[in-house]
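The values are calculated or read from the model by the stated rules, or taken from the named source; none is laboratory data. Note that the structure is a prediction, hence the values are computed from the model and not measured. Glycine also receives a Cβ, built like all others from the backbone with ideal geometry; neighbour counts cover every protein chain displayed.
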């Protein structure tokens, strides 16, 4: 009888301790939970409701049903902004994946003593203020006083007008964005450092050269990092805003009118918050579908160590 009471007492003490730990845990994360509810989940749910209304932020919302979504079908600037964003994504994503990999392979050849400094130098542009580096690139791309065209002129080449020409403005923004390859490269570098050297030794014993080792060992072992960078790159490019807003404001002739920039105009310049909310949810669905497609395709090309095929 006494043993049963002792066991029951210990179980009661453990339950009370578990409840106390749970209460302490939720108490400590309560500021984050409140912030999540008020500033993230709350606005997300509210924007879904506003997407079915007409609202100028000055008067009460007026129910509009599906009119905001139907309106997009005949909205020329909606299709233009979507086209610009898709073209920019098709330009940037492959170049970021390939360029980041080449940069990582280069950094991987550096000695252990110098790798930290090299890695910091290449990663720093990724964490700098977006506005600051865009202003610098605006000077570089200046058609008359810019360093790029001045350098081209020294070798007898007449440089383009870059940000003021509809035919080159988007290309200029793409070149500008490649300055941030360090983020992708650092992720690749971590993957490269995690590849066992025994695999390269085994490949060399089988007569594999540098290219065959890269194709048969490095690339398969890096597919998780490639997959991660691909998902992040697609999400970030569809949300591109700062470079176009600061450098061109969507011009010239709407050639750099990114989707999020058009959404910003509708929300905070024209005060069409209902239509802007609908645009935001369409963007969410586009990114969601693309991300799911990439995730689904991963089962055919992403290799995880220890996984049976």
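Summary of values
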quantity: Residues located in the range 223-240, provided they are closer than 12 Å to residue 258 by Cα and either touching a strand residue (DSSP E or B) at 6+ places or on another chain (Cβ under 9 Å) or surrounded by fewer than 16 Cβ atoms within 10 Å (Cβ to Cβ) (or both); calculated: 239
quantity: Residue 255 vs. criteria more than 23 Å from residue 293 (Cα to Cα), assigned to a helix (DSSP H, G or I) and in contact with a helix residue (DSSP H, G or I) (Cβ under 8 Å, 6 or more places away or on another chain); calculated: no
quantity: The range 73-91, residues that are surrounded by fewer than 17 Cβ atoms within 10 Å (Cβ to Cβ) and under 15 Å from residue 286 (Cβ atoms); calculated: 79, 83, 86, 87, 90
quantity: Filter pass, residue 210 being buried (at least 17 other Cβ atoms within 10 Å of the Cβ) and out of contact with any strand residue (DSSP E or B) (no Cβ under 6 Å at 6 or more places or on another chain); calculated: no
quantity: Residue ID - surrounded by the most Cβ atoms within 10 Å (Cβ to Cβ), chosen from residues in the range 92-127 that are closer than 17 Å to residue 219 by Cβ and at pLDDT 90 or above; calculated: 100
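For every residue, the table says whether it meets (1) touching a residue at least 24 places away in the same chain (Cβ under 8 Å); (2) farther than 28 Å from residue 137 by Cβ.
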position: 220; (1), (2): yes, yes
position: 225; (1), (2): yes, no
position: 240; (1), (2): yes, no
position: 249; (1), (2): no, no
position: 272; (1), (2): yes, yes
position: 279; (1), (2): yes, no
position: 285; (1), (2): no, yes
position: 300; (1), (2): no, yes
